[in-house]
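The values are calculated or read from the model by the stated rules, or taken from the named source; none is laboratory data. Computed from a predicted structure; not experimentally measured. We place every Cβ from the backbone using ideal geometry, glycine too, and count neighbours over all the protein chains shown.
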Amino acid sequence: MNISRTNFVILFIISGFAFLFITTSLLGTTGPRGFPNAPDSVIRTGGDSPVAWKRTASTIILPIKVILIGPLALPQINFLKEDPPPPFIGIYLVFYWTILASVIHYLLGTLRRF
């Protein structure tokens, strides 16, 4: 890859937060915000909406959100049920996305060599 690992991780984190903010703002029911609030689900934001395009868009982006949210989306983890302050969710996502972006960068670099 022609991009350094650090730049790739930074771009991945910025893109992840932009994606999360845009999907939560467009598909959520509680207005524009970076993280979903109580009536909205982390994964199925817009999934229960009576508006057809919100349900369809939520279904299409569901696999991407499952990967981007990661272990936070598992039903066994009640991390968002306890309503932690947003910085803790952001710190978790930065840590998780750094690991995810590093693995993706390594795999893409390995595939390029073949």
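Restricting to the stretch 18-39, and then to whatever is surrounded by fewer than 16 Cβ atoms within 10 Å (Cβ to Cβ) and hydrophobic (A, V, I, L, M, F, W, C), can you tell me which residue is modelled with the lowest pLDDT? Write out each step before concluding.
Keep residues of the stretch 18-39 that are surrounded by fewer than 16 Cβ atoms within 10 Å (Cβ to Cβ), which gives 18-19, 21-22, 25-26, 29-34, 37-39.
With the extra rule that they be hydrophobic (A, V, I, L, M, F, W, C), the set shrinks to 18-19, 21-22, 26, 38.
Values: 18: 91, 19: 90, 21: 84, 22: 86, 26: 81, 38: 49.
Checking each candidate, the answer is 38.
Go through the stretch 40-86 and give me each residue that's hydroxyl-bearing (Ser, Thr, Tyr) and at pLDDT 65 or above.
49, 56, 58, 59
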